[in-house]
Amino acid sequence: MNSSVITSTLPQKLAQATGDIVDVAAGNPDFSTLVQAVQAAELVDALKAEGPLTVFAPTNAAFAALPEGALDALLLPENRDLLTQILQYHVVSGEVASSDLETGNVTTLNGDLAVEVSPEGVAVNDASVVQADVDASNGVVHAIDGVLIPEGVVAELQSRAASDDTEEDVSTEEDVSTEEPAPPVRGLW
């Protein structure tokens with residue numbers, strides 16, 4: 001696959017950023033959410049390591065497309081394990097240039113991704129590569145327009161959210177049942 005086939009929707013600044021994978025991401029405002037997630041998951045040192053690594057890097061728009069509240073929930077310390085699983089699902093051990101990608105599977109640090117190479121570009125699971133082959137000192141970055149979610153993570157996050165909602169409901173019921181109702185404020189009713 002020739003990387004020139006892949007169209008870029010990102011500013012050229014991404015291609016000009018230098019340093020390791022974290023530096024390249026931090027050097028581009030389109031990856032500020034990814035950098036925030038990497039920091040929250042405490043993976044900065046791992047992505048600054050010697051490598052080589054390949055990162056399919058979701059843009060800010062990709063994170064913004066997640067269901068409402070999902071990103072906030074993932075960034076909570078109690079969900080760090082799920083965030084780590086998601087981020088590791090974007091990382092391949094070794095440097096894989098777009099010209100090396102073929103239709104099939106590629107193994108990440110957290111399972112296999114389905115890759116489809118066509119004249120229109122490269123798709124990884126349900127995301128498209130929007131800019132390929134951004135070199136870093138410890139690997140390569142391919143910007144993608146979606147967040148890749150490993151199987152089971154969504155269900156676990158929903159389960160945790162439901163558990164939190166149940167606890168809040170019980171807490172609210174206890175608070176209501178033990179407190180006297182506040183008298184109405186004169187002038188408002």
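Read the figures in this text as sums done on the coordinates, not as results from a lab. Since the model is a prediction, treat every value here as computed from it, not as a measurement. Reconstructed Cβ throughout: ideal geometry from the backbone, glycine too, with neighbour counts over all protein chains shown.
Within the stretch 33-61, restricting attention to residues that are crowded, with 22+ Cβ neighbours inside 10 Å and in contact with a Gly (Cβ under 8 Å, 6 or more places away or on another chain), the residue that is nearest to Gly152 (Cα to Cα) is Pro58.
Evaluated against (1) in contact with a Leu (Cβ under 8 Å, 6 or more places away or on another chain); (2) surrounded by 13 or more Cβ atoms within 10 Å (Cβ to Cβ); (3) part of a strand (DSSP E or B), Asp133 falls short on exactly one condition, (1). Residues that are surrounded by fewer than 18 Cβ atoms within 10 Å (Cβ to Cβ), free of Cβ contacts under 8 Å to residues at least 40 places away in the same chain and more than 14 Å from the chain's Cα centre (by Cα) were ranked within the stretch 13-32; the one that is nearest to Ile149 (Cα to Cα) is Pro29.
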